[in-house]
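These notes are about the structure you will find just below.
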Amino acid sequence: MAVSVIAVEGLPEIAEGDDLAAMIVESAAAGGVPLADGDIVIVTSKIVSKSEGRTVDLDTVEPSPFARDFAERWEKEPGIVELVLRESKRVVRQVGPVLITETRHGFVCA
């Protein structure tokens, strides 16, 4: 069994409400790599969030004391740390400046 990894190029900027699956299928076909039964498609969480309208203006985020302390200690953006914490069910581990968290969906991310 062979495994090929092929990037789908030509996707437009993703916006809230976009049919992400249709856009990927169309872009793959337009790029000469039409999807077939059994293909596995890997999608970044960023474009899924954008299509779901789950974007946030960092200026509107009020970081918690933990997020502020963590950000100051590790030279991170406090608002981003706060958003990571809000999307997490729990912090699995902290290794230096890296937070390893479990999302509400059960994914473990660093």
Across region 62-107, what is the number of residues that are β-branched (V, I, T) and either assigned by TED's automatic domain parsing to the domain that holds G17 or in contact (Cβ under 8 Å) with a residue 24 or more places away in the chain (or both)? 0
Considering only helices (runs of 4 or more DSSP H) fully contained in region 8-83, which possess at least 1 residues that are of a type outside the set (D, E, K, R) and exposed (fewer than 10 other Cβ atoms within 10 Å of the Cβ)? 20-30, 65-74
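The values are calculated or read from the model by the stated rules, or taken from the named source; none is laboratory data. Nothing here was measured: the structure is a model prediction, and the numbers come from that model. Because the Cβ atoms are built from the backbone with ideal geometry, glycine has one as well, and the counts that use them run over all protein chains shown.
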